[in-house]
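Written out below as structure tokens is the structure these notes cover.
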There are 2 protein chains.
Amino acid sequence: MTSTFSSLRINSDRMLDSFTQASSFGATSEGGVNRPSFSEAHLQARKWFREQIESAGFEFRTDGAGNHSAVIASETKQSPTLIIGSHLDSVPNGGKYDGGLGVVAAFEVLKILQENRIKLKVNVEAMDFTDEEGTLVGLLGSAAIAGHLHQKDLDNPRGGRENLLEGMKCAGLSDESMLSAKRKPETLAGYLELHIEQGKRLEKSKINIGIVSAIVGIASYRLTFIGKANHAGTTTMEDRLDASLGASSFTLKARELVMSEYKNSVVNVGKMEFSPGAFNIVPAQVDLSLEFRSATQDEFDKLDEALISLAKAEAQKFDLELTIEFLGKHSPSPMSDKVQTAFASACDDLGLTHTSLTSGAGHDAQSLADLCPVGMIFIPSINGISHSPKEFTEWEDCVNGANVLLQTVLKLAT
Amino acid sequence: MTSTFSSLRINSDRMLDSFTQASSFGATSEGGVNRPSFSEAHLQARKWFREQIESAGFEFRTDGAGNHSAVIASETKQSPTLIIGSHLDSVPNGGKYDGGLGVVAAFEVLKILQENRIKLKVNVEAMDFTDEEGTLVGLLGSAAIAGHLHQKDLDNPRGGRENLLEGMKCAGLSDESMLSAKRKPETLAGYLELHIEQGKRLEKSKINIGIVSAIVGIASYRLTFIGKANHAGTTTMEDRLDASLGASSFTLKARELVMSEYKNSVVNVGKMEFSPGAFNIVPAQVDLSLEFRSATQDEFDKLDEALISLAKAEAQKFDLELTIEFLGKHSPSPMSDKVQTAFASACDDLGLTHTSLTSGAGHDAQSLADLCPVGMIFIPSINGISHSPKEFTEWEDCVNGANVLLQTVLKLAT
């Protein structure tokens, strides 16, 4: 059976036409899209996807979280469902590949399955997830399906409650509908997603496909180094309690620590705020925004402890006080071995080079990772540019990715 | 003659009464004063000083810059004038000793000269200088007397042109009057000031009097380290151009440099501003506020060069761009050797311990340093607290300082 299907390829011209249409919603003069969740442009893109699904003769499915999908049902009743997809929302002034390409490719895969009347042992569903980027909540549609969404997440969303209420209203959704979108794990056969890498590793190594081994865990803290404000002319260097020293030393040493001992992690000090912040006053306080990410739980936990210890040591070194505010974390999400093997086999069948890599960014797959086998493939991002209108991927790589997705679906669904 | 005068002392009770009255204008609940230049409280304090001068029978003198003084004329006509004094304006929510004490002590010295009918070879003038603290311009009255004030300084003052115009109007002054206040160097015999230290050196070493050897030079720059904004999850540590690294490393190394090689200097990084400043974005730009001060011209020039070289080296080390914006400087002002010797002799006569130290803060004496012999003495500041309602000096130290001022005036004016 595999030998029959292994010659199937997606229709590049049709997928390009579809991608071009999708990219027209919220298109910016710089070549990107501005399509935050439930903005007018996003609502138009959602409407377009629904029309595409219905005009192509697929069953259209929606749920209380506003996730939209095209479904091909298995002939076997009560079959679980293999979801493939991505998201049509973007960050403000973002690029057109992040999310949009994955939805279009999933939909193209469904068209190939339909045209070739492939007998499926599972239902296959090409999905556009709600608010992956987090204009409102983040990974909203997938968290709702996974049952990870709770009222408290809706009460205090990062985008603001008012904006969430307004957005849900525009899409005909509500708190109640959101919390009703949960799907039972036994109804899910898996989840696959094609995405651009958002990094340079594939481009630098000239490899066609990245098979994601894990989506990193992410944690954030606000560290506050506290010294004492003093006259910057009359206070001797020895007498100062300068908060900038602890913050600066921590920033440099955190980077050294991660680069030398935590190869599967990254750390970022995205901001320091100085108080009182005058040329002629020794800084009394520096608030430092710390974020770190690790691909494995073990490294994530160890790095967490190491960074907090480092902050304490640096504060002490400069006679500063330190306050530590934990802001939140997601644990690392390993991808399914079975799905990774299927992706690799599909690449080999297609003559495409591939490598294993981690995803430094969050994706809907992490919401579903503890419910069913999930997997992602990445294709090269030119210069690694992401969340920018300058985001770009060669069309040939998009086609390669879509073919790997198609062949992997065939392996897993037939 | 010296033996006659050496037994003279200021009247401690009378000076305390005067200081208490002066401290009532703009008094805050925390024990300080809030008396920015030409504020209602400052205008009241100025009016009080004028009334004190006139009711004590002194000649009242004012000039186009709003400087107010009590004068005792020498019997010798065409004599030059020895000015003693300080300022009645304060920083917002400041302390009562900074400036106010120096004015009250200078006025008390004049009373002693008057009561004892001391024959003077020079005129002696106890002065309250306009806007020393820089709510509007900074060292305004002394710069006007020195002829260092120019229309451009009035056109673009640090306190804002509108506020300066409003303040001058309240005090009956104008641009024209300000620029007319210049006094010829040959009319000036010198300038002496008593001030609190605003640092801990005297308190720590338990020495009564600090004789200022120089007022430090001060320079400021805005250094901008420029990298590239990138996704803090998907960009490897190696691929980042993180502006925080150059800024942090510069901050630490600038301190080390000054502490090891520039003993007569201090350096301050009072602020860093991060762009774009998000947890999950590698910082593209850090704007760093740099200020440094040196007591000698040679060290000032060398440190200037060394810090700029250091900034360039640190930027290069982390592959960052650097822009350097020079914001301004004042050169170091050495105090008169003759005046320092007279201060030391007065301390010895009074049985007070003394040491030579530099002033890390700016004072009106620096405006006059290239016109006539100038000198300052410092008295201990408890905990070195300055520009704060918590500023405090023991009254005994205030009296000691006033007596040194008196004895030095007697040495220089008789």
Inset, instruction - Please work out which residue is nearest to the other protein chains (Cβ to nearest Cβ), limiting yourself to the range B:374-408 and to residues that are of a type in the set (Ser, Thr, Tyr) and farther than 24 Å from B:Ala346 by Cα. - result: B:Ser386
Inset, instruction - For A:Thr251, state whether it is of a type in the set (Ser, Thr, Tyr), touching a Leu at 6+ places or on another chain (Cβ under 9 Å) and either more than 8 Å from chain B (Cβ to nearest Cβ) or within 30 Å of A:Ala344 (Cα to Cα) (or both). - result: no
Legend entry - Selection count where residues are farther than 24 Å from A:Thr20 by Cβ and among the polar types (S, T, N, Q), scope the range A:71-109: 5
Legend entry - Leading residue by the ranking (farthest from B:Arg240 (Cα to Cα)) among those in the range A:229-256 that are within 35 Å of the chain's Cα centre (by Cα) and among the charged types (D, E, K, R): A:Lys253
Legend entry - Top-ranked residue in the range A:356-373 [being within 17 Å of A:Ile196 (Cα to Cα) and away from chain B (no Cβ under 14 Å); ranked as surrounded by the fewest Cβ atoms within 10 Å (Cβ to Cβ)]: A:Ser356
Inset, instruction - Could you tell me which residue of the range B:228-248 is modelled with the lowest pLDDT, considering only residues that are crowded, with 24+ Cβ neighbours inside 10 Å and more than 7 Å from every other protein chain (Cβ to nearest Cβ)? - result: B:Asn230
Inset, instruction - Answer yes or no as to whether B:Phe300 is among the aromatic types (Phe, Trp, Tyr) and at the interface with another protein chain (Cβ under 7 Å from one of its Cβ atoms). - result: no
Inset, instruction - Among what's in the range B:263-274 and is assigned to a strand (DSSP E or B) and without any contact (Cβ under 8 Å) to a residue 40 or more places away in the chain, pick the residue that is farthest from the other protein chains (Cβ to nearest Cβ). - result: B:Glu273
Inset, instruction - For the range B:75-91, state whether one or more residues are assigned by TED's automatic domain parsing to the domain that holds B:Leu188, within 26 Å of B:Glu391 (Cα to Cα) and surrounded by fewer than 22 Cβ atoms within 10 Å (Cβ to Cβ). - result: yes
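Any idea which of A:Phe19, A:Phe58, A:Phe25, A:Phe38 is in the same structural domain as A:Lys338 (by TED's automatic domain parsing) and closer than 17 Å to A:Gly172 by Cα?
A:Phe38
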Inset, instruction - Tell me which of these B:Ser260 doesn't satisfy, since it passes every other one: (1) closer than 22 Å to A:Asn383 by Cβ; (2) among the small types (Gly, Ala, Ser); (3) more than 8 Å from chain A (Cβ to nearest Cβ). - result: (1)
Inset, instruction - State all residues of the range A:279-297 that are facing chain B (nearest Cβ under 9 Å) and of a type in the set (S, T, N, Q); if no residue qualifies, say none. - result: A:Asn280, A:Ser289
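Among what's in the range B:156-189 and is in contact with a Ser or Thr (Cβ under 7 Å, 6 or more places away or on another chain) and farther than 15 Å from B:Asp131 by Cβ, pick the residue that is surrounded by the fewest Cβ atoms within 10 Å (Cβ to Cβ).
Here the answer is B:Thr187.
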Inset, instruction - Of the numbered conditions (1) modelled with pLDDT of 95 or more; (2) buried (at least 23 other Cβ atoms within 10 Å of the Cβ), B:Ser386 fails exactly one; give the number of that condition. - result: (1)
Legend entry - So A:Phe343, is it farther than 23 Å from A:Leu140 by Cβ, under 22 Å from the mean Cα position of the chain (by Cα) and surrounded by 18 or more Cβ atoms within 10 Å (Cβ to Cβ): yes
Inset, instruction - Kindly list, by first and then second residue, each pair from a residue in the range B:354-374 that is over 16 Å from B:Phe129 (Cα atoms) to a residue that is of a type in the set (Phe, Trp, Tyr), limited to pairs with Cβ atoms under 7 Å and residues at least 6 apart or on different chains. - result: B:Leu357/B:Phe378; B:Cys372/B:Tyr191
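The values are calculated or read from the model by the stated rules, or taken from the named source; none is laboratory data. Since the structure is predicted, the reported quantities are computational estimates derived from the model, not experimental observations. Reconstructed Cβ throughout: ideal geometry from the backbone, glycine too, with neighbour counts over all protein chains shown.
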